[in-house]
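A.B. asks: Just passing along the structure, written as structure tokens.
Where a number appears in this text, it was derived from the coordinates with a stated rule and is not lab data. Given the structure is predicted, the values throughout are model-derived calculations rather than measurements. Here the Cβ is made from the backbone with ideal geometry for all residues, glycine too, and neighbour counts use every protein chain on show.
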Amino acid sequence: MHEIYCPSCNTPSPYDFSDYLMMCPYCSSTFKLNIETGQKEPFGNHYIVPNTMDAAAVKELTIDWLKRLHHKPNMVNKEFYVTDIKGFSLPLWIISLEGHTAWKGMIQKHKRAHNKDEPLGSDFIVEEGQFRRSYRWAVSARNNILESWGLTRLHEPMEAIQVEWDGFPLDSTFSRGRLDDPEEDEKSAYDMRKFFEFKLANGVPILGVEVPEEEALRRGRDHINLYHYKIAKLNCDYLIDQRTELEIAGIQLIHMPFWNATYVYRPRSTLRHFYKPKQNHVIVDGYSKGLLSGQLAITHKDKVTINGIVAIGAALFFLLLGASWHPAYYLVSLFALIVASASAWLSLSKMTKKKDEQLSKKHASFGPAIQEQPGEAV
Ligand SMILES: [Zn+2]
């Protein structure tokens, strides 16, 4: 930390010179500092979305969410403990851009076995297509995207696509996962941004800006290229060619409010002897109170699996009793074995079903995700 004078209000205060931008704690003006020449250049494109939550509200929201997912909602207060709540205002580079993708690929005409007399590939046709999407694409301005749980994969696309990037579309992310219905004339988080002022964080720490805008632009471009490549691949059986052109309309820095709640699950039933409590997390957007991401402590599948293990144990126990004491215990043992196989079958069928449903389920539990519409960018 080094002490320098703010170019706007001339008040001295300590700054971290490894940050990309300096923010004056007195007048909230943002500036770039050239360490070699000492020159200070004001940076005006800096906004903040006001934080509207506090720790008590985040705790209440987390409990509400758990109640909605728990098959016995009245057990939530007895079995779940919120252990830690942290809020912060995270700097994000918001890139307004439009991506235009043209693709070419092979599509199978009808699904049938290849006829030996026909030339190879004759049941495929070449198709071409294009699509265009607008985004306000958010890229973290922090070097360590792992410093808070859940900030590495906030993008939840509508398409069945494995996300391999940390950037996300701002509007569809900061409007999902709401437990209450938004009001009709409600403005988006982006529309509610104000010129940057420390006080609008409403009590949460403001994290410093570490990533330069050139890097954010490069990363944002890479994210969209990869995303559009994956969308193009969904259109055909064999993608041959794909070209994405990006038009960048602008970039700005916005501090956005996030909350991270940590909770543990301690079941009251016999299950507690088989379950080692571990910390789970929920991430909440601190403007519109949406649940952006959440970890479930235990699923129905886990319970069925544990049930199966207990039943196998019982089957062995009664088998032993049957052999050493009275043959009637063989029947009890058989019954336990039937319970165990039923549990195993349930577990397995759930697992295969889950794979197919994973995407749609994810969106269902976090509320409808909104697809990016053209014309969203400014
Ligand atoms: Zn100042």
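A.B. asks: Compute all pairwise cysteine Cβ distances in the chain, then list the cysteines with no distance under 4.7 Å to another cysteine.
C.D. replies: Lacking a cysteine Cβ partner under 4.7 Å: C236.
A.B. asks: I've got another one for you. State to the nearest 20 debye the size of the charge dipole of the chain about its Cα centre, where the only charges are +1 on K and R beta carbons and -1 on D and E beta carbons. Before the final figure, lay out the partial values.
C.D. replies: On the way: 44 positive and 45 negative charges, 416 e Å.
That gives the chain a dipole magnitude of about 2000 debye.
A.B. asks: Something else: For the chain, with the dipole built from +1 on Lys and Arg beta-carbon atoms and -1 on Asp and Glu ones, taken about the Cα centre, which of F174, A261, L154 lies farthest toward the positive end?
C.D. replies: The residue sitting most towards the positive pole is A261.
A.B. asks: I've got another one for you. Between segment 210-280 and segment 82-139, what is the C-alpha centre distance in whole Å?
C.D. replies: Between the Cα centre of segment 210-280 and that of segment 82-139, the gap is 15 Å.
A.B. asks: More than 30 Å apart: what percent of Cα pairs in the chain qualify? Can you show the working numbers first?
C.D. replies: On the way: 39115 of 71253 pairs.
Pairs farther apart than 30 Å: 55 percent.
A.B. asks: A further question follows. Between Q279 and Q130, 0.36 nm times their residue separation minus their Cα-Cα distance comes to what?
C.D. replies: Working: separation 149, 0.36 × 149 = 53.64 nm, distance 4.46 nm.
Difference between extended and current length: 49.2 nm.
A.B. asks: Of the listed pairs K72/K289; K32/K199; K78/K276; K32/K86; K59/K86; K230/K289, which have alpha-carbon separations greater than 19 Å here?
C.D. replies: Values: K72/K289 24 Å; K32/K199 21 Å; K78/K276 17 Å; K32/K86 29 Å; K59/K86 10 Å; K230/K289 30 Å.
Violating the 19 Å limit, Cα to Cα: K72/K289; K32/K199; K32/K86; K230/K289.
A.B. asks: Toward the positive end of the charge dipole of the chain, about the Cα centre and with charges on Cβ (Lys, Arg +1; Asp, Glu -1), which of G313, C9, L331 goes farthest?
C.D. replies: Of G313, C9, L331, it is L331.
A.B. asks: Hey, fewest Cβ within 10 Å first, where do L239, L170, L331 land in order? Intermediate results must be reported in sequence, preceding the final value.
C.D. replies: Values: L239 16, L170 25, L331 11.
Lowest to highest Cβ neighbour count: L331, L239, L170.
A.B. asks: Then there's this: What is the dipole size for segment 90-179, taken about its Cα centre, with +1 at each Lys and Arg Cβ and -1 at each Asp and Glu Cβ, in debye to the nearest 20?
C.D. replies: Values: 12 positive and 12 negative charges, 43 e Å.
Dipole size: approximately 200 debye.
A.B. asks: Which residue fluctuates the most in the chain, going by a Gaussian network model with Cα springs under 10 Å, if the choices are S122, S96, S175?
C.D. replies: S122
A.B. asks: Let me ask something additional. Build a GNM of the chain with springs between Cα atoms under 10 Å: which of A336, A328, A232 gets the top mean-square fluctuation?
C.D. replies: With Cα springs under 10 Å in the chain, the top fluctuation among A336, A328, A232 is at A328.
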